[in-house]
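A short write-up of the structure that comes next.
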Amino acid sequence: AGDIQLDAAGNDFKFLAGGTEILNITNSSSDVVIKPVVDAKDIIFQQRDGTAVMTVEDDVSLTINNDVSVSGRAKGTITTVSLGTGASPDTAECNMADSNDFSITTLSDGCLLSFGGEVAGQSGNIHLDNSTGQTITVGPEVAINATALSSIATAGVYQLSYYCIGTGNNEVLVTVSGALT
């Protein structure tokens with residue numbers, strides 16, 4: 001009629017199959033750590049009928065097998081890109097390994113907008129503050145419409161979006177949503 005309580009003074013719950021530990025649930029400073037113990041094995045969440053819903057893979061990736069819905073807020077991290085001392089050309093590199101969303105303020109003429117750590121399929125946003133109207137050029141990996149590139153050289157604050165299709169030249173597609181100011 002009551003609850004089943006598992007109480008392990010050693011802080012570990014070990015699940016074994018035929019004497020081989022396959023899963024461990026550990027108390028780590030009151031954090032719960034769930035880990036498969038057999039090397040190169042995944043954690044798979046399934047529905048009753050056996051359909052995989054989500055897989056946490058050994059290669060540190062997460063696969064969700066359907067559309068994702070978010071209730072409430074979902075937010076990302078904004079990475080501020082430093083343009084250095086103002087030497088021309090200053091390089092504003094948006095490193096995709098750091099973030100999806102970037103904030104850039106131009107300091108000098110000849111600001112070079114470039115991307116590093118490109119990942120095919122990654123997309124994000126850039127808040128570009130070019131209040132001083134500096135000339136902006138782009139790295140070889142960037143594909144942007146010439147009219148859009150010219151427009152962001154006009155003094156103002158802009159919202160840019162990007163989508164990466166690969167790691168070669170012209171494979172980070174950048175669009176300008178418009179001037180914010």
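The values are calculated or read from the model by the stated rules, or taken from the named source; none is laboratory data. Computed from a prediction, not measured in an experiment: that's the story for all the values here. Cβ sites come from the backbone with ideal geometry, for glycine too, and all protein chains shown count toward neighbours. To get the accessible areas, we keep the full protein, side chains included, count just its heavy atoms, and leave off ligands, DNA and RNA. Shrake-Rupley method; radii C 1.70, N 1.55, O 1.52, S 1.80 Å.
Working from Cα pairs under 8 Å separated by at least six residues, relative contact order for the chain is 12 percent. Using a 10 angstrom cutoff on alpha carbons, build the Gaussian network for the chain and name the most mobile of ILE136, ILE44, ILE78. Maximum fluctuation in the GNM of the chain, among the listed residues, is at ILE44. The amide H of SER103, built 1.01 Å from its N in the peptide plane, has THR79, THR80, VAL81, HIS127 as neighbours under 5 Å, considering only residues 5 or more places off or on other chains.
Taking every DSSP bridge with both residues inside the range 85-161, close to 30 percent are antiparallel. For the listed peptides 122-133, 50-61, a ranking on the average number of other beta carbons within 10 Å per residue, highest first, reads 122-133, 50-61.
Derived value for the range 119-181: Kirkwood hydrodynamic radius 11.9 Å. Basis is the mean of 1/r over every pair of different alpha-carbon atoms. Scoring 15-25, 169-179 by mean Cβ neighbours within 10 Å over their residues and listing the highest first yields 169-179, 15-25. Think of a 1.4 Å ball rolled over the protein heavy atoms: the range 116-181 then has 47 Å² of accessible area per residue. Counting only DSSP beta bridges with both residues in the chain, the antiparallel share comes to about 65 percent.
These residues, LEU149, LEU62, LEU6, go from largest to smallest accessible area, 1.4 Å probe, as LEU6, LEU62, LEU149. Note on the range 105-151: Cα Rg divided by 2.2 N^0.38 Å, N the number of residues, gives 1.22. Using the Karplus relation 6.51 cos²θ - 1.76 cosθ + 1.60 with θ = phi - 60°, the per-residue 3J(HN,Hα) values for the range 159-167 come to 10, 10, 10, 9, 9, 9, 9, x, 10 Hz, with x marking Gly and Pro.
Rounded to whole Å, the principal axis extents of the Cα atoms in the chain read 71, 34, 33, largest first.
Ordered by solvent-accessible area of protein heavy atoms (1.4 Å probe), largest first, the residues SER29, SER151 come out as SER29, SER151.
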